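The block underneath contains the structure these notes are about, expressed in C-alpha cells.
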Amino acid sequence: MVQLFDFLDDYTKQHFHDEEMYMQNIRYPEIEVQKTAHKKFIADLAKLKTEYQTSGGNISLIINANQMIIDWLTKHIFNMDKKIGAYAKIIK
Ligand SMILES: [Fe+2]
C-alpha cells in the first residue's frame, strides 16, 4: 500500500507537471484553477497515506482511499481536463 501511494504520488506529480507545462504553452485561461485542483489532490493523497500508516492498514480505509482516488481522477479528467482539449482545438 505504501508503495502504491508512493507510485501514485510520483505518477500524479509528473502528470500534473506535464499538463501544467502544456497549459502554459497554449496559454490556457483556467490554468490556475487546474493548478489548485492538482495541489489539493496531492495534499489529499498525502493525508490518506498518513492515515493509512497511523491506522496500521485498516481495510475500510483502503477501500475509501481507493474510491476517493478513482472518483477524483475520473471527475477531474471528465470535467476539467476535457476542457483543455476543447480549448486546444479552438486555438489551432
Ligand atoms: Fe488536470
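The values are calculated or read from the model by the stated rules, or taken from the named source; none is laboratory data. What you see is a predicted model, and the numbers here were worked out from it, not measured in a lab. Cβ coordinates were reconstructed from backbone atoms using ideal geometry, including for glycine residues, and neighbour counts include every protein chain displayed. Accessible surface areas use protein heavy atoms only, side chains included; no ligands, DNA or RNA. Shrake-Rupley method; radii C 1.70, N 1.55, O 1.52, S 1.80 Å.
Numerical summary
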quantity	calculated
Hull volume in cubic angstrom per residue (convex hull over the Cα atoms of the stretch 4-66)	67 Å³
Per-pair calculated FRET efficiency, R0 = 25 Å: residue 33 and residue 58 via Cβ, rounded to 0.05	0.15
Accessible surface, per residue, of the stretch 2-91 when the full set of protein chains is kept, probe 1.4 Å, Å²	69 Å²
Total charge dipole magnitude, the stretch 2-91, about the Cα centre, Cβ charges on Lys, Arg, Asp, Glu only, Debye to nearest 20	280 debye
Contour minus Cα-Cα distance for residue 46 and residue 18 (0.36 nm per residue)	8.1 nm
Per-residue ³J(HN,Hα) for the stretch 43-55, Karplus 6.51 cos²θ - 1.76 cosθ + 1.60, θ = phi - 60°, Hz, x for Gly and Pro	5, 5, 5, 5, 5, 4, 5, 5, 4, 4, 5, 7, 7
Inter-label distance, nm, simple model (7 Å from Cα along the C-beta direction), residue 92/residue 11	2.9 nm
